[in-house]
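> I have a structure here, written as structure tokens, and I will follow up with some questions on it.
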Amino acid sequence: MRFNKEKAKKETIKHCRHQIPRSSISIARQLKKKVAGFYPNSPPKKITPLMKKNILGPLEEDGFLIKYTPEKTSWKKARLLLTLYHEKGKPKPRKITELYQTNFLYLEDTVFPLIKNLPKPEPELNLDLVVLLSKFKKTETYTWDLLNLLLAASKEEDQLRIYLYKLPIDYNKIEILERILEYGKEYTHIQFPFKPDQENAKNFLRKITEF
């Protein structure tokens, strides 16, 4: 391979930070535009098997990407989003058997290195959270702030839940943010080299919901 694999991974994460899940063909086209030397003489359809092996597979394994496939309950919703919001002037998506979306923990570039192998959210939960969180503001340390929120919720979910209802946001957003707090239970038994900061968690909730 004559292209920069790390750049290809970064561009894939960036391309899949979208409310609409991306097909492998869409990702291949994007990488051919953004990454020098990315299979320049091969059409997107021909390179998808290699791309899945060298880029998409490792990203999914490390937890950066979430994959939606027909056997999962999330597939119907993911496929419907793709159909409803495809770009005008482009062929309607057909014969698609998998879609990709960035893990909701990585919806923003961070000034810190990304950490991998965090617990993966259920595909349908990720689909819902990406749609909602894309409407919220992001902090410069988004991944770490969101991780701190999950860890804080794993310890004192009720306090953060009460704080949510003090924020000037509508109930629908509160409901989804409550789902994030509930997801913090997945982090109860995971050891990290820092303790969760409740005040930081509250400040993060306030910052991302400011108008």
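> I'm trying to understand the selection: among the residues of segment 99-152, which are over 20 Å from His15 (Cα atoms) and surrounded by 18 or more Cβ atoms within 10 Å (Cβ to Cβ)?
Those that are over 20 Å from His15 (Cα atoms) and surrounded by 18 or more Cβ atoms within 10 Å (Cβ to Cβ): Leu118, Trp144, Asp145, Leu146, Leu147, Asn148, Leu149, Leu150, Leu151, Ala152.
> Select from segment 4-21 the residues that are part of a loop (DSSP other than H, G, I, E, B) and in contact (Cβ under 8 Å) with a residue 40 or more places away in the chain and list them in ascending order.
If we filter segment 4-21 for residues that are part of a loop (DSSP other than H, G, I, E, B), which is where we start, we get 4, 16-21.
Residues satisfying the conditions are Cys16, Arg17, His18, Gln19, Ile20, Pro21.
> It is to be established whether one or more residues within segment 184-195 are at pLDDT 90 or above and either among the aliphatic types (A, V, I, L, M) or open to solvent by 60 Å² or more (accessible area, probe 1.4 Å) (or both). Break it down stepwise before answering.
At the first step, the residues of segment 184-195 found to be at pLDDT 90 or above are none.
Among the residues of segment 184-195, not one is at pLDDT 90 or above and either among the aliphatic types (A, V, I, L, M) or open to solvent by 60 Å² or more (accessible area, probe 1.4 Å) (or both), which makes the answer no.
> Another one. If only one of Pro49, Pro58 is open to solvent by 20 Å² or more (accessible area, probe 1.4 Å) and more than 18 Å from Leu114 (Cβ to Cβ), which one is it? Write out each step before concluding.
Numbers: Pro58 fails: more than 18 Å from Leu114 (Cβ to Cβ).
Result: Pro49 is the single residue among Pro49, Pro58 that is open to solvent by 20 Å² or more (accessible area, probe 1.4 Å) and more than 18 Å from Leu114 (Cβ to Cβ).
> Follow-up. Could you pull out the residue among Asp170, Asp158 that is at pLDDT below 90, surrounded by fewer than 19 Cβ atoms within 10 Å (Cβ to Cβ) and either among the hydrophobic types (A, V, I, L, M, F, W, C) or over 20 Å from the mean Cα position of the chain (by Cα) (or both)? Steps first, answer last, please.
On the way: Asp158 fails: at pLDDT below 90.
Answer to the check: Asp170.
> Could you list, in sequence order, all residues of segment 179-211 that are more than 18 Å from the chain's Cα centre (by Cα) and charged (D, E, K, R)?
Lys185, Lys195, Asp197, Glu199, Lys202, Arg206, Lys207, Glu210
> Could you tell me whether Phe104 is touching a helix residue (DSSP H, G or I) at 6+ places or on another chain (Cβ under 7 Å) and more than 20 Å from Lys202 (Cβ to Cβ)?
Values: touching a helix residue (DSSP H, G or I) at 6+ places or on another chain (Cβ under 7 Å): yes; more than 20 Å from Lys202 (Cβ to Cβ): no.
The answer is no for Phe104.
The values are calculated or read from the model by the stated rules, or taken from the named source; none is laboratory data. Since the model is a prediction, treat every value here as computed from it, not as a measurement. No Cβ is skipped: glycine too gets one built from the backbone with ideal geometry, and neighbour counts run over all protein chains shown. Just so you know, the surface numbers come from the protein's heavy atoms only, side chains and all, with ligands and any DNA or RNA stripped out. Shrake-Rupley method; radii C 1.70, N 1.55, O 1.52, S 1.80 Å.
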